[in-house]
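Enquirer: Handing you this structure, nothing more for now.
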Amino acid sequence: MTGISDPGRVRVGIDVGGTFTDFVLADGTGRLVYYKEPSTPDDPARAVIEGLANLVAKAGLAPADVDLVMHGTTIGLNAIIQRAGARIGLVVSSGFRDILEIARSRMPSSFDFHATKEEPLVPRDRIFEIEARFDPKGEPTRVPEAAALDALAAQIAESDIEAVALVLINGYAAPEAEAALATDLERRIARHRSIGVTSAARVWPEIREYERTLVACLNAYIQPLMRRYYGRLGEGVRARGATAPIFVTASNGGSMSLESASERPVETILSGPAAGVMAATRFAAAAGVARIITFDMGGTSSDIAVSTAGVPEFATRTEIGGLPLVLPVVAVSAIGAGGGSIIWVDDHGVLKVGPRSAGAAPGPVSYQRGGTEPAVTDCYLATGLIDPTRFLGGRMVLDRAAAEAALAAIGQGIGLGGPDAAARTAYGALSVATANMATELFKTLAQRGLDPADFVLMPFGGAGPTHANFLAEEAGLPRVVVPPSAGTFCALGAVGADLRRDFVRSLRRALDADAATALADVLRLLEQEGRAWLAAEGDLVTGVGVARSLDMRYAGQAYELRVTLADDAGTPRDAEIAEAFHREHERVYGFRDAAAPIEITTARLAVIGHIPPVALPELAPSPVPPAAAGRRPIFLAGNWVEADVFDRETLAAGHIFAGPAIVEQEDTTVVVLPGWTASMDTVGNLHLTRSAQP
């Protein structure tokens, strides 16, 4: 594998979404080429292979000219949400067969009598017990005999199982020993047939048995699916003449080789949204914006994330399909509908948007693929916000009349009639979607103690720029910054993703005079493990960074706060660690207890392999005022108003114009509302700011 530090090396970023698969090509000279291909849910690899060939042809290149492919996908996430993964088994220590059934003994909602628990990924009849476990120090207290392992292997091989997860009590304290047992069991099963065995401690050696069990089960659940997908993808790409290595973006905002992703697919579940957030932080820094809320509105949902001073917020716990995931991820929160979310009327005559989505097939009514229920995209069409002849740069023509007819039928259900029934219904649906988004945005920021007025909204995704001004108006945000190629932004984030992997060890020790030395030893071992992983990923890396943090709490508390340590590799002193924890506790909870003993529960280390950044295009200023390509009526707040229509490719740095206006580009459409002013910067960002007078 060759390096990519020299100019002119060609990289391709890919993001597989539910409705479209997005592509970005960067050739190292500042040129970026964008492309969108309709997704193929029956075989996602087909859209990637076809789209890659079309992208390089658009760039005037051949597939063999591509030097590196960075790929993000939500295939694993969708499999978990839809419960469409593999049939898996689970091996546990004797006496712990009900670990998934008991879970945390909590209902999803304590006050909802109709709430039901999520079904376990592994039913009880596919859970096997073994006489093996460790004590909290990692010493084995029970060791299985060879005959017992052979019998277990035969039992698993006879079951209708595609993959197996193995979790032992206190296995986090002896990850190497648990991994060795998993390898031994897999070898014994192979005498009958091939079944992979995932060791929980090998994937994520952190305390809390239930959560660690779920990490292993989720990994095993999607691993066969993802390996088949990666195999088809690699074969299809090579068949088209491309020989570039394929890397996969991860949920932590980084990337890893195809081999690593095949071994630990659970780390890639949220890779697409994370890549978009990472790209947004880079563009925000280039625009001089320190605090942003990213707004990713795609085909099925809308997500937000918070970034301050160029660093996105990370979380060490999130939920996937109703199940807790304790891996480090870019903190992304779902807040509402996407472009494919269906418009409908409930039994009480109330207009609703989502959560059902039309997806890529059949898609919104206007796609003319058999869809009969109108979606948010149909609302944009019926209100004139998007041009039916310029969707995807004119490669796909939408049926506005069909969208209006479907929306007019919905309008009848809420008492709307007349010649503008479709437009009024569409605008009402957009208002409902916007109000729901703003409510969730306020809730999400309030939980972090943040004020929306202090942030700038940065939208991306196919529908993000179209809806962003509505959300900013509703939520009271002062400014919107729309990056270039916003409709393919997650793919742009993928193309520039550094290599990154997170490592963890549970400590469960008091912060005392000896803690700092012991902690330094653990962090040193984690760093050695991380650097060894980087070395095995190839020679893409031009520099290595390390981020260290601790999970800490006052003695007696049930959950921890994450405290970031200084970047230097020196041994942190116990007093410095204690003060860092006190400050974080005071920031989050409003007080500190200097006399209380402190515990360190977990040490975390992220190793980051930096690759050359993607060169961003620079726009030159123009002495000529911006010229509208035309005008068209759009429906806003109950009335049709005339809006100037601009082609984004004709806008130069320093161009300013007022709303109402529409800015069209190949991958999305930007809406500028009345009372807002748009201006272009030198990086190609379009800034929307509130005017002094509407």
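The values are calculated or read from the model by the stated rules, or taken from the named source; none is laboratory data. Computed from a predicted model, the values in this text were never measured in an experiment. Virtual Cβ from ideal backbone geometry, glycine too; neighbours counted across all protein chains shown. Please note that ligands, DNA and RNA were not included when accessible areas were found on the heavy atoms of the full protein model with its side chains. Shrake-Rupley method; radii C 1.70, N 1.55, O 1.52, S 1.80 Å.
Here's the yes/no breakdown for (1) assigned to a loop (DSSP other than H, G, I, E, B); (2) under 16 Å from residue 604 (Cα atoms):
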position	(1), (2)
523	no, yes
527	no, yes
531	no, yes
534	no, no
540	yes, no
550	no, yes
553	no, yes
563	no, yes
566	yes, yes
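Enquirer: Considering only residues that are assigned to a helix (DSSP H, G or I) and either among the hydroxyl-bearing types (Ser, Thr, Tyr) or under 14 Å from the mean Cα position of the chain (by Cα) (or both), which ones fall in the range 256-269?
Expert: 260, 262, 265, 266, 267, 268
Enquirer: So, one more: Can you pull out every residue in the range 314-323 that is outside any strand (DSSP E or B) and more than 25 Å from residue 563 (Cβ to Cβ)?
Expert: 321, 322
Enquirer: A further question on this structure: Can you name the number of the only condition in (1) under 28 Å from residue 397 (Cα atoms); (2) in contact (Cβ under 8 Å) with a residue 12 or more places away in the chain that residue 658 fails?
Expert: Among (1) under 28 Å from residue 397 (Cα atoms); (2) in contact (Cβ under 8 Å) with a residue 12 or more places away in the chain, the lone unmet condition for residue 658 is (1).
Enquirer: Scan the range 288-313 for residues that are farther than 30 Å from residue 376 by Cα and assigned to a strand (DSSP E or B) and report the count.
Expert: 2
Enquirer: Just to be sure before I move on: is residue 606 surrounded by fewer than 19 Cβ atoms within 10 Å (Cβ to Cβ) and on the phi < 0 side of the Ramachandran plot in the structure I sent?
Expert: It is false that residue 606 is surrounded by fewer than 19 Cβ atoms within 10 Å (Cβ to Cβ) and on the phi < 0 side of the Ramachandran plot.
Enquirer: As an exercise: evaluate residue 513 against (1) under 21 Å from residue 253 (Cα atoms); (2) exposed (fewer than 14 other Cβ atoms within 10 Å of the Cβ) and give the number of the one condition it does not meet.
Expert: With respect to (1) under 21 Å from residue 253 (Cα atoms); (2) exposed (fewer than 14 other Cβ atoms within 10 Å of the Cβ), residue 513 is out only on (1).
Enquirer: Still on this structure, I have one more. Read through the list (1) out of contact with any strand residue (DSSP E or B) (no Cβ under 7 Å at 6 or more places or on another chain); (2) within 20 Å of residue 300 (Cα to Cα); (3) open to solvent by 10 Å² or more (accessible area, probe 1.4 Å); (4) among the small types (Gly, Ala, Ser), then give the number of the only condition that residue 333 fails.
Expert: For residue 333, the exception is condition (1).
Enquirer: Regarding residue 253, is this residue at pLDDT 90 or above, out of contact with any Ser or Thr (no Cβ under 7 Å at 6 or more places or on another chain) and assigned to a helix (DSSP H, G or I)? Working first, answer last.
Expert: Working: at pLDDT 90 or above: yes; out of contact with any Ser or Thr (no Cβ under 7 Å at 6 or more places or on another chain): yes; assigned to a helix (DSSP H, G or I): no.
No; evaluated as a whole, the condition is false for this residue.
Enquirer: On the basis of being aliphatic (A, V, I, L, M), in contact with a helix residue (DSSP H, G or I) (Cβ under 7 Å, 6 or more places away or on another chain) and without any contact (Cβ under 8 Å) to a residue 40 or more places away in the chain, does residue 261 make the cut? Can you show your working first?
Expert: Details: aliphatic (A, V, I, L, M): yes; in contact with a helix residue (DSSP H, G or I) (Cβ under 7 Å, 6 or more places away or on another chain): yes; without any contact (Cβ under 8 Å) to a residue 40 or more places away in the chain: yes.
It is true that residue 261 is aliphatic (A, V, I, L, M), in contact with a helix residue (DSSP H, G or I) (Cβ under 7 Å, 6 or more places away or on another chain) and without any contact (Cβ under 8 Å) to a residue 40 or more places away in the chain.
Enquirer: Of all residues in the range 152-190, how many are open to solvent by 30 Å² or more (accessible area, probe 1.4 Å), in contact with a strand residue (DSSP E or B) (Cβ under 7 Å, 6 or more places away or on another chain) and among the charged types (D, E, K, R)?
Expert: So the answer is 2.
Enquirer: Can you tell me which residues in the range 642-661 are open to solvent by 30 Å² or more (accessible area, probe 1.4 Å) and farther than 16 Å from residue 677 by Cβ?
Expert: Within the range 642-661, 642, 647, 649, 650 meet the criteria.
Enquirer: Taking the residues in the range 107-151 that are touching a Lys or Arg at 6+ places or on another chain (Cβ under 6 Å) and either more than 29 Å from residue 162 (Cα to Cα) or in a loop (DSSP other than H, G, I, E, B) (or both) as candidates, determine which candidate is least open to solvent (accessible area, probe 1.4 Å).
Expert: Looking at residues that are touching a Lys or Arg at 6+ places or on another chain (Cβ under 6 Å) and either more than 29 Å from residue 162 (Cα to Cα) or in a loop (DSSP other than H, G, I, E, B) (or both), I get 132.
Enquirer: In this structure, does residue 242 turn out to be assigned to a loop (DSSP other than H, G, I, E, B), in contact (Cβ under 8 Å) with a residue 40 or more places away in the chain and hydrophobic (A, V, I, L, M, F, W, C)?
Expert: Judged against the criteria, residue 242 is a match.
Enquirer: Next up: Would a scan of the range 570-588 turn up a residue that is in a loop (DSSP other than H, G, I, E, B) and modelled with pLDDT of 95 or more?
Expert: Scanning the range 570-588 turns up no residue that is in a loop (DSSP other than H, G, I, E, B) and modelled with pLDDT of 95 or more.
Enquirer: Inspect the range 371-378 for any residue being under 27 Å from residue 562 (Cβ atoms), among the β-branched types (Val, Ile, Thr) and in contact with a strand residue (DSSP E or B) (Cβ under 7 Å, 6 or more places away or on another chain) and give the result as yes or no.
Expert: No, the conditions are met nowhere in the range 371-378.
Enquirer: When residues of the range 152-161 are filtered for being closer than 15 Å to residue 191 by Cα, of a type in the set (Asp, Glu) and assigned to a loop (DSSP other than H, G, I, E, B), how many remain?
Expert: Residues flagged as closer than 15 Å to residue 191 by Cα, of a type in the set (Asp, Glu) and assigned to a loop (DSSP other than H, G, I, E, B) within the range 152-161 amount to 0.
Enquirer: Could you check how many residues of the range 191-246 are open to solvent by 40 Å² or more (accessible area, probe 1.4 Å) and aromatic (Phe, Trp, Tyr)?
Expert: Qualifying residue count for the region: 0.
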